[in-house]
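If you scroll down you'll find the structure; I have some questions about it.
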């Protein structure tokens, strides 16, 4: 069930919503400073990863902020072209990836990496 308390920030509740841009369904935390965000069809895998690999480190704290001082979202590296060691690894990016290239792995204590534009 995708609704309920947020397993990342532990301060908000999760909600499902439909994106206006593409019509897809997603799950996010109602706490605007939380990075919890995934598609409904990937919820179980995402939530397990948050609980087992990320949650304790970020429990009760806000998401890292990007270079424009905006809260980031937590994603999971699953691309086939990635090194096997990085597949399934959680990372933070800016929600506005068109204008901001903020990136940091979730196991690095909020040290941003600037990607080339």
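The values are calculated or read from the model by the stated rules, or taken from the named source; none is laboratory data. Quick caveat: nothing in here was measured; it's all calculated off a predicted structure. Quick reminder, even Gly has a Cβ in these numbers, built from the backbone with ideal geometry, and neighbours come from all protein chains shown.
So for segment 39-49 (the condition being surrounded by 15 or more Cβ atoms within 10 Å (Cβ to Cβ) and within 23 Å of residue 100 (Cα to Cα)), does at least one residue qualify?
Scanning segment 39-49 turns up no residue that is surrounded by 15 or more Cβ atoms within 10 Å (Cβ to Cβ) and within 23 Å of residue 100 (Cα to Cα).
In this structure, is residue 69 surrounded by fewer than 15 Cβ atoms within 10 Å (Cβ to Cβ) and modelled with pLDDT of 85 or more?
Yes, satisfied.
Does segment 100-117 hold any residues that are closer than 25 Å to residue 52 by Cβ and at pLDDT below 80, and which are they?
106, 107, 108, 109, 110, 111, 112, 113
Just give me the residues in segment 88-99 being part of a loop (DSSP other than H, G, I, E, B) and either over 13 Å from residue 71 (Cα atoms) or at pLDDT 85 or above (or both), in sequence order.
88, 89, 98, 99
Return a yes/no flag: does segment 76-83 have any residue that is touching a helix residue (DSSP H, G or I) at 6+ places or on another chain (Cβ under 7 Å), in a strand (DSSP E or B), buried (at least 17 other Cβ atoms within 10 Å of the Cβ) and at pLDDT below 85.
Yes, segment 76-83 has at least one match.
Another question, if that's okay. Restricting to segment 55-66, name every residue that is at pLDDT 75 or above and either in a helix (DSSP H, G or I) or crowded, with 20+ Cβ neighbours inside 10 Å (or both).
Passing the criteria: 63, 64, 66.
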